[in-house]
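The values are calculated or read from the model by the stated rules, or taken from the named source; none is laboratory data. None of these values were measured; they are calculated from a predicted model. Every residue, glycine among them, receives a Cβ derived from its backbone with ideal geometry; neighbour counts consider all protein chains shown.
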Amino acid sequence: MADGPIYLDFAATTPVDPRVAARMIPFLAETYGNPASRSHSFGWAAEQAVEAARGQVAELVGADAREIVWTSGATESNNLAIKGAAQFHRGRAKHLVTVRTEHKSVLDTMRELERAGFEITVLDVGSDGLLDAGAFEAALRPSTVLASVMLVNNEIGVIQDVERLGALCRERGVLFHVDAAQATGKIQIDLQAWPVDLMSLSAHKTYGPKGIGALYVRRKPRVRIEAQIHGGGHERAMRSGTLPVHQIVGMGEAYRIAGLEMKSDNERIRALSERLWAGLSRIDEVYLNGDATRRVPHNLNVSFNFVEGESLMMGLDGIAVSSGSACTSSSLEPSYVLRALGRSDELAHSSIRFSVGRFTTREQIDRATAHVTRAVGKLRALSPLWDMHRDGVDLSTVQWSAH
Amino acid sequence: MAYSDKLIDHYDNPRNVGSMDPGESGVGTGMVGAPACGDVMKLQIRVNEQGVIEDARFKTYGCGSAIASSSLVTEWVKGKTLDQALKIRNTQIAEELALPPVKIHCSILAEDAIKAAVADYRAKTRPAAHAADLEEIST
């Protein structure tokens, strides 16, 4: 694969680990029963596999198997947690709290509840991407139902202190939801110790298949949510629908492997990531987005000043990455996460997210570094902003004729 | 983004990249766009005494469509008179490069760059005549 395309977009999705795929296949046409078929062996075999996987998912996050509800993915889990809790407590409480840098599946869900009459507070983060605990505490009211804060940010990889934030919620009787889609297999999660009431989990960010996830719903103290999907009462009436056994088995196996290999994976990935950063930071006018230490090593979100992100991605033909540039989004808006850090529009337009994973090699890192260096050089030779910078012009003082 | 071969060619092999001395008497410089929008184009033209654009240079900060649009424009303005250059429409640029709908604004910016470069040249070389032109247009 020496000359093939290089995948450095593990934060967008991961390939299914071959071991996971192998584990899933028998459940397509051999053990194909519906786990809700209680009266025959086809159903029992399927149910057994589902329950084993449930235990595997629970183990990775320090939960009890009965606290795991299967969903179609973290987006659905976010919807279920937030809408489910808000609707259950509809009578007594009307306020929700979240953060500006959350995933759209949280922010859009919050917007939807706002339309339904709830009041939403969206907290800002610092320039490092981290939430201030004091600001969070100040936002909690007697009428607050739930607060939602993601554990690891998908764009910049920063890690929020959910243990501390959860404790603040616990003191005030506020439910605490954590979107952990980007965190599983990357950092240790301990729901026995952490005061978290609801946690969204994804499979496809952790070398499992797309289309399956879970929602952790605490039993002690018991957390109640209203189902969003009805019809059959599956998953303790929290989420109806025939369980996709092959998907569930896949998620279970992916999480089992993640538990075993997290430490060694992380060491390898940290070394690769440091190597990548060492190479990229040799380029002039390069900025890391998000706190340098409170982040997962897998993620490097970098701005290349005076070069626009989409044109840079074009120049990285053969390397799969993401950009925070407006030009790569259909809305033409630059990344709202980078704007939330206080990054200027130029730096948001100039950003590339590199995310390293289990299958990344040193050779790929070196080839990517060489490509990026070359592409940035070529685009700076084309860039009037780079010329102005070299001439010592302060771009913030220039009068642009914006259109 | 699935770009046309012509667009990719302009990106891989941009034409007439560079800068002219803006102080030189035959040179018109147009700078349009803003970093906050993710698009900045600088177009420079060198006009001879017959009023014909004999050379052009560009520098662009922007996506592949923006770079291709401005590169194309430097090819198109060469050999044209100023009035002919002003007739270049963004729709022609968009068609030539097969720009996706979401990128049409890049061709509009390129058309603006031509107008800005011509206006700058005219203001420099015949300030009185240029002012008269403007007055004529506005009455």
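As a summary of the residue check, A:Cys169 satisfies the conditions (1) crowded, with 21+ Cβ neighbours inside 10 Å; (2) not basic (Lys, Arg); (3) not in a helix (DSSP H, G or I) except for the one numbered (3). For B:Ala94, the test of being within 23 Å of B:Glu24 (Cβ to Cβ) and either away from every other protein chain (no Cβ under 14 Å) or in a helix (DSSP H, G or I) (or both) is failed. Within the range B:28-71, the set of residues being at pLDDT 95 or above, under 18 Å from A:Met314 (Cβ atoms) and charged (D, E, K, R) comprises B:Lys59 only.
Within the range A:91-113, the set of residues being within 15 Å of A:Leu80 (Cα to Cα) and of a type in the set (S, T, N, Q) comprises A:Ser105, A:Thr109.
Restricting attention to the range A:254-312, the residues that are of a type in the set (Asp, Glu), crowded, with 17+ Cβ neighbours inside 10 Å and over 21 Å from the mean Cα position of the chain (by Cα) total 2.
Quick check: anything in the range A:381-393 part of a helix (DSSP H, G or I) and of a type in the set (Phe, Trp, Tyr)? Yes, there is a match, as at least one residue in the range A:381-393 is part of a helix (DSSP H, G or I) and of a type in the set (Phe, Trp, Tyr). Filtering the range A:215-222 for residues that are aliphatic (A, V, I, L, M), part of a loop (DSSP other than H, G, I, E, B) and either surrounded by 20 or more Cβ atoms within 10 Å (Cβ to Cβ) or touching a residue at least 24 places away in the same chain (Cβ under 8 Å) (or both) leaves an empty set.
Mind checking which residues of the range B:12-46 are in contact (Cβ under 8 Å) with a residue 60 or more places away in the chain and crowded, with 24+ Cβ neighbours inside 10 Å? Correct list: B:Gly28, B:Val32, B:Gly33, B:Asp39, B:Met41, B:Lys42, B:Leu43, B:Gln44, B:Ile45. The condition (being at the interface with another protein chain (Cβ under 9 Å from one of its Cβ atoms) and of a type in the set (Gly, Ala, Ser)) is satisfied by just one residue among A:Ala375, A:Ala368, A:Ala348: A:Ala348. With respect to the conditions (1) within 13 Å of chain B (Cβ to nearest Cβ); (2) modelled with pLDDT of 90 or more; (3) in contact with a helix residue (DSSP H, G or I) (Cβ under 6 Å, 6 or more places away or on another chain), A:Asn305 lacks only one, and its number is (3). Applying the condition of being at pLDDT 95 or above and among the hydroxyl-bearing types (Ser, Thr, Tyr) to the range A:351-393 and asking which residue is surrounded by the fewest Cβ atoms within 10 Å (Cβ to Cβ) yields A:Thr361. Among the residues of the range A:235-243, some residue qualifies, meaning at least one is polar (S, T, N, Q), surrounded by fewer than 24 Cβ atoms within 10 Å (Cβ to Cβ) and touching a residue at least 40 places away in the same chain (Cβ under 8 Å).
Screening A:Ser396 on (1) surrounded by 19 or more Cβ atoms within 10 Å (Cβ to Cβ); (2) within 11 Å of another protein chain (Cβ to nearest Cβ) shows it passes everything except condition (1).
Among the residues here, B:Gly79 does not qualify as surrounded by fewer than 21 Cβ atoms within 10 Å (Cβ to Cβ), within 14 Å of chain A (Cβ to nearest Cβ) and small (Gly, Ala, Ser).
I want to confirm something. Restricting to the range B:110-122 and keeping residues that are within 12 Å of chain A (Cβ to nearest Cβ) and within 8 Å of the chain's Cα centre (by Cα), which single residue is surrounded by the fewest Cβ atoms within 10 Å (Cβ to Cβ)? Selected residue: B:Lys115.
For the residues A:Val16, A:Val50, the requirement of being touching a Pro at 6+ places or on another chain (Cβ under 9 Å), surrounded by fewer than 22 Cβ atoms within 10 Å (Cβ to Cβ) and in a loop (DSSP other than H, G, I, E, B) singles out A:Val16.
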